[in-house]
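What follows is a single structure, written as structure tokens, with notes after it.
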Amino acid sequence: MMKNLLKFIIGSASLFFFSSVQADTIKWLHLTGESSPEYPNFVRAVEEFEAKTGHTVEMMYLENESFKAKLPTMLQSDDRPDIFNSWGGGVMYAQAEAGFLRDISDVVTDEYLSTLSAAAANAFVYKGQRVGVPRNVSQVTWWYNKDLMNQAGVDVSSITMWDDLLSAVSQIKSAGITPICIGGKDKWPVHFIWTHLHIRNGGESLFLESLENGGWDRPEYIKSGEQMLELVALEPFQDGWLSHTWPDQAGFFGDGKCAMAFMGNWMYPAQKSNSASGEGLGDDNMGIFSMPMTPGALGDSADTLGGINGWLVSKTAPDSAVEFLMHLVSADIQNEDAAKGAYLPVVKGADKSITNPILAQVANNIGNSQYHQIFYDQFLGPDIGRVVNDVSTDLAAGIITAEEAAQQVQESWEFNQ
Amino acid sequence: MNSAKYNALLSKYSTLVIFIIPALTIFTMFVVLPIIEAAYYSFYRWDGYGDPNKYVGLKNYKYLFKNKTFILSLKNNFYIIAISLFIQLPFALLVALMISDKIRGANFFRTVFFLPYILAEIVTGLIWAYIYDGNYGMVAAIWNFFGADPPHMIAEKETAMIALYIVIFWKYFGIHMMIYIAGLQNISKEVLEAARVDGAGPITTAWRIKIPIILPTIRLSVFLSILGALQLFDIIMPLTGGGPSNQTHSMVTYLYYFGVMRMKFGFGSAIGVVIFLICFTIAITYQRTLMRKD
């Protein structure tokens with residue numbers, strides 16, 4: 001009797017001890033609002049993981065700008081998130097360099113890695129250490145309103161060179177239509193135009209060379225500025241564009257107030273949700289085309305600009321946090337999200353689930369690209385990146401020259417050396 | 001020293017010590033130490049991760065004073081001070097002189113003019129951003145009513161600062177008016193009565209009697225206005241965000257965008273030190289000269 005009682009007590013105590021030691025609370029900081037199409041699968045992943053492992057996942061939401069402002073402090077506190085959002089590039093390097101990220105190579109299995117796109121997975125490796133897991137890729141392209149382009153008599157398939165785009169803008173303007181919607185107040189939507197011209201004019205080799213040795217004021221970059229000024233001279237943007245944000249831009253495009261917008265593939269859901277009607281443009285009235293080539297370009301017409309977003313793991317995160325990520329970024333969930341058009345997945349083969357022809361075209365573009373440049377403002381880090389945003393907007397506002405724009409980026413690069 | 005004197009002195013200083021220690025501790029922790037810390041960080045290039053370890057000497061300061069946007073922010077701050085001192089405060093004084101007496105409707109006007117001040121700055125900025133909106137705002141509605149193309153005031157670099165001045169005037173004019181009214185109501189009735197008996201009209205009474213008597217109040221209001229202008233931040237953030245093209249930054253929004261948001265905390269600290277020195281110099285100079293006798 002006593003023996004059984006003792007066994008029971010020891011058994012219960014062990015159970016209590018081991019369960020309390022092994023059940024982790026994983027803090028997950030994300031930027032996805034409840035109305036986003038991928039949010040239901042966030043919740044699903046958490047519920048499934050908690051049921052399977054007994055760990056708890058604590059979801060924490062922050063708005064984009066608050067996230068960027070608070071993260072450095074959070075990472076240095078004891079209340080740091082275990083998993084958090086990342087756009088890769090310069091900010092991630094700074095976090096890794098300062099020792100705030102965990103090398104998760106010992107937890108992430110080769111078998112799991114083989115399910116992901118290698119390019120996407122490698123974007124979260126820093127000096128041989130795997131510090132995170134990718135989630136989605138994106139591409140910036142020209143979006144156009146088919147009705148308005150037809151009304152202006154523009155044949156989109158003929159826009160292959162920069163001059164063709166300028167002619168199209170003039171033609172659209174002559175038809176009394178606003179050629180391009182842009183969110184100038186946020187600045188980053190403007191930097192896409194200037195930096196995509198860099199990609200065309202300079203190509204990958206020039207970018208890597210500048211990254212290593214500076215020279216952001218080279219003729220190729222000045223040429224991009226001059227080309228942008230040619231566009232600006234046509235006054236292509238909507239009235240008051242400098243006071244309009246990215247959601248305004250998406251809404252105007254969705255409401256058919258302009259013929260084109262230069263934006264990432266997240267434009268697809270955003271033009272609907274930000275439009276006055278809530279419906280935006282129908283799939284049959286919307287199309288995309290890539291940034292045209294420029295004369296004497298060193299880059300390739302298939303080169304793309306976009307992002308590789310993912311999740312980073314902080315230095316004190318438990319193994320279970322990484323296991324949760326492997327569950328979150330899995331074929332099952334990514335296939336479902338891709339079918340909904342929530343984002344472009346990184347799990348191999350999940351892009352086949354994309355039913356939307358526009359998003360399928362974007363996925364195809366990225367697949368064909370030999371050089372997928374991550375957004376300059378992310379890749380170059382928060383300082384130089386924001387200088388790029390500033391000077392792009394100043395160029396678009398016509399208040400600086402192409403030389404001054406390039407020079408300011410170079411000065412910022414020198415300041416940061 | 002005799003025992004009674006010694007005890008009195010001890011009692012006096014022990015009270016002083018008891019009361020001053022908590023205040024001094026808090027002041028040191030939250031004011032003195034951060035300033036010293038900021039001064040220390042300002043000599044480093046630091047992205048906020050880990051400890052600052054890249055000593056750069058005066059590089060942050062050199063970069064700051066070469067930076068056109070910072071110079072413009074500095075100018076903007078001084079333009080705002082000028083507008084406050086030469087337009088806002090005289091107007092507030094004029095209105096205070098008009099409605100400080102117990103005349104019909106005085107309370108109504110006081111409330112109406114004071115209302116903007118009770119709104120939070122962020123709310124004020126957001127409200128005016130909607131008012132100025134060239135597509136849907138009130139300004140657009142007025143222009144459209146007259147069949148004209150509405151201006152996009154906060155999107156044009158020529159008009160964005162004017163738009164900001166208007167909001168600052170609207171927001172803070174009421175508090176200065178109330179300060180003046182409080183000063184005016186403290187003027188002895190006998191003095192005003194004596195002036196009236198001597199044949200002084202309203203203008204002479206205001207100019208020769210009321211304004212000279214409330215000069216200490218005016219000096220205080222000028223002091224608050226200058227410091228308020230130097231600290232301007234939360235109206236600008238939702239209204240223009242420093243734009244278009246960084247044309248409407250104050251020094252503090254410049255610090256936020258160019259120091260905090262760019263994760264250049266060493267550089268941001270240098271901006272903070274410069275702002276502190278400017279405010280400190282102005283405050284001490286003002287108090288040692290104009291407010292010396294107040």
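Residues in the range A:347-373 that are closer than 20 Å to A:L281 by Cβ, touching a helix residue (DSSP H, G or I) at 6+ places or on another chain (Cβ under 9 Å) and open to solvent by 70 Å² or more (accessible area, probe 1.4 Å): A:T355, A:P357.
Taken over the range B:121-134, the residue count meeting the criterion of being touching a residue at least 12 places away in the same chain (Cβ under 8 Å) and of a type outside the set (D, E) is 8. Please work out if B:K102 is within 14 Å of chain A (Cβ to nearest Cβ) and of a type in the set (D, E, K, R). For B:K102, the condition - within 14 Å of chain A (Cβ to nearest Cβ) and of a type in the set (D, E, K, R) - is not met. Does the range B:90-102 contain any residue that is touching a residue at least 24 places away in the same chain (Cβ under 8 Å) and in a loop (DSSP other than H, G, I, E, B)? Yes: the range B:90-102 contains one or more residues that are touching a residue at least 24 places away in the same chain (Cβ under 8 Å) and in a loop (DSSP other than H, G, I, E, B). When every residue of the range B:47-66 is checked against the conditions, at least one turns out to be charged (D, E, K, R), free of Cβ contacts under 8 Å to residues at least 24 places away in the same chain, part of a loop (DSSP other than H, G, I, E, B) and surrounded by fewer than 13 Cβ atoms within 10 Å (Cβ to Cβ). Does B:L89 meet the test of being at pLDDT below 95, aliphatic (A, V, I, L, M), touching a helix residue (DSSP H, G or I) at 6+ places or on another chain (Cβ under 9 Å) and surrounded by 12 or more Cβ atoms within 10 Å (Cβ to Cβ)? So B:L89 fails the test. Of all the criteria given as (1) open to solvent by 80 Å² or more (accessible area, probe 1.4 Å); (2) assigned to a loop (DSSP other than H, G, I, E, B), the one not satisfied by B:K75 is (2). What are the residues in the range B:227-265 that are in a helix (DSSP H, G or I), open to solvent by less than 30 Å² (accessible area, probe 1.4 Å) and of a type in the set (S, T, Y), if any? Selection gives B:T253, B:Y254. Quick check, is A:S117 open to solvent by less than 60 Å² (accessible area, probe 1.4 Å) and among the hydroxyl-bearing types (S, T, Y)? Yes, satisfied. Criterion applied to B:F233, B:F280 was being in contact with a helix residue (DSSP H, G or I) (Cβ under 6 Å, 6 or more places away or on another chain) and among the hydrophobic types (A, V, I, L, M, F, W, C), and the one residue passing it is B:F233.
B:R110 meets each of the listed conditions (1) of a type in the set (D, E, K, R); (2) surrounded by 14 or more Cβ atoms within 10 Å (Cβ to Cβ); (3) without any contact (Cβ under 8 Å) to a residue 24 or more places away in the chain apart from (3). Hey, any hits in the range B:286-294 for a residue that's assigned to a helix (DSSP H, G or I), under 15 Å from the mean Cα position of the chain (by Cα) and modelled with pLDDT under 95? Looking for residues that are assigned to a helix (DSSP H, G or I), under 15 Å from the mean Cα position of the chain (by Cα) and modelled with pLDDT under 95, one finds at least one in the range B:286-294, hence yes. Of the residues A:G184, A:G264, A:G203, the single one that is within 20 Å of A:W413 (Cβ to Cβ), open to solvent by less than 10 Å² (accessible area, probe 1.4 Å) and in contact (Cβ under 8 Å) with a residue 40 or more places away in the chain is A:G203.
Inspection of the range A:99-120 finds no residue satisfying the criterion of being among the polar types (S, T, N, Q) and in a helix (DSSP H, G or I).
For residues that are away from every other protein chain (no Cβ under 14 Å) and hydrophobic (A, V, I, L, M, F, W, C), scanning just the range A:55-69, find the one that is most open to solvent (accessible area, probe 1.4 Å). My answer is A:M59. Across the range B:138-161, which residue is surrounded by the most Cβ atoms within 10 Å (Cβ to Cβ) among those that are more than 14 Å from chain A (Cβ to nearest Cβ) and assigned to a helix (DSSP H, G or I)? The selected residue is B:M138. With the condition kept exactly as written, say whether any residue in the range B:48-65 is within 20 Å of the chain's Cα centre (by Cα) and under 30 Å from B:L164 (Cα atoms). Taking every residue of the range B:48-65 in turn, none turns out to be within 20 Å of the chain's Cα centre (by Cα) and under 30 Å from B:L164 (Cα atoms).
Scanning the range B:178-226 for residues that are charged (D, E, K, R), open to solvent by 30 Å² or more (accessible area, probe 1.4 Å) and closer than 21 Å to B:K293 by Cα gives B:R208, B:R219. Just one of the numbered conditions (1) open to solvent by less than 40 Å² (accessible area, probe 1.4 Å); (2) away from chain B (no Cβ under 14 Å); (3) part of a loop (DSSP other than H, G, I, E, B) is not true of A:R80: (2).
Among residues of the range B:277-294 being surrounded by fewer than 15 Cβ atoms within 10 Å (Cβ to Cβ) and closer than 30 Å to B:D51 by Cα, the one that is farthest from the other protein chains (Cβ to nearest Cβ) is B:F280. From the list A:Q238, A:Q249, which residue is open to solvent by 10 Å² or more (accessible area, probe 1.4 Å) and touching a residue at least 60 places away in the same chain (Cβ under 8 Å)? Every option except A:Q238 fails the conditions. Mind listing just one residue for me: the one in the range B:198-230 that is touching a residue at least 24 places away in the same chain (Cβ under 8 Å) and among the polar types (S, T, N, Q) and, of those, farthest from B:Y172 (Cα to Cα)? Among those residues, the one meeting the criterion is B:T217. Where residues in the range A:96-120 are within 15 Å of A:G310 (Cα to Cα) and modelled with pLDDT under 90, which of them is nearest to the other protein chains (Cβ to nearest Cβ)? Looking at the filtered set, the residue picked out is A:A120. Within the range B:167-197, the residues that satisfy the criterion of being of a type in the set (V, I, T) and touching a residue at least 12 places away in the same chain (Cβ under 8 Å) are B:V167, B:I168, B:I175, B:I179, B:I181, B:I187, B:V191.
Within the range A:348-357, track down each residue that is in a helix (DSSP H, G or I) and touching a residue at least 60 places away in the same chain (Cβ under 8 Å). Result: A:P357, single match. Within the range A:145-173, the set of residues being open to solvent by less than 10 Å² (accessible area, probe 1.4 Å) and not hydrophobic (A, V, I, L, M, F, W, C) comprises A:N145 only.
Those helices (runs of 4 or more DSSP H) of the range A:358-417 in which at least 3 residues are within 13 Å of chain B (Cβ to nearest Cβ), considering only elements entirely within it, cover A:381-396, A:402-415.
Being at pLDDT 95 or above, under 15 Å from the mean Cα position of the chain (by Cα) and more than 14 Å from chain A (Cβ to nearest Cβ), is that true of even one residue in the range B:127-137? No; the residues of the range B:127-137 include none that is at pLDDT 95 or above, under 15 Å from the mean Cα position of the chain (by Cα) and more than 14 Å from chain A (Cβ to nearest Cβ).
The values are calculated or read from the model by the stated rules, or taken from the named source; none is laboratory data. Computed from a prediction, not measured in an experiment: that's the story for all the values here. Cβ atoms come from the backbone with ideal geometry, glycine included; neighbour counts cover every protein chain shown. In case anyone asks, the SASA skips ligands and DNA or RNA and just uses the protein heavy atoms, side chains included. Shrake-Rupley method; radii C 1.70, N 1.55, O 1.52, S 1.80 Å.
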